[in-house]
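Visitor: Following this message is one structure expressed as structure tokens.
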Amino acid sequence: MSIGVGIALFAIGAILVFAVNVDTSQFIDLDLVGYILMGAGVVVFLLGLVLMFRRRSTEQVTRTVDPVAGERVTRTEARSSGDCAA
């Protein structure tokens, strides 16, 4: 989702910089707002990519007690990639 938001911010910023020719110099500089939105879009896009490719590790510990031999510990580790929690 953040990748799409980054692309949308970049596109809106590019439209403000390159396509809109309205004189609003006494209120706000649309070129500056466009460049700021483009920069924010790049940052959000890159953060989305980093979070998507980040490796996650989960560890599950199962303890079973055998009355004769004592306590046994079984550990299972699973690695998955992606930013969605399952």
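Visitor: Taking the highest mean first, how do the peptides 30-40, 44-54 order by number of other beta carbon atoms within 10 angstrom per residue?
Guide: Most protected by this proxy first, the peptides run 30-40, 44-54.
Visitor: At 0.36 nm per residue, minus the direct Cα-Cα distance, what do Ala11 and Leu49 gain on full extension? Give it in nm, one decimal, please. Please list the in-between numbers first.
Guide: Values: separation 38, 0.36 × 38 = 13.68 nm, distance 1.77 nm.
Between Ala11 and Leu49, full extension yields 11.9 nm more.
Bear in mind these aren't lab numbers, they're just calculated from the coordinates by the rules spelled out. Just so you know, these numbers come straight off a predicted model, no measurement behind them. Backbone-built Cβ (ideal geometry, glycine too); neighbour counts: all protein chains shown.
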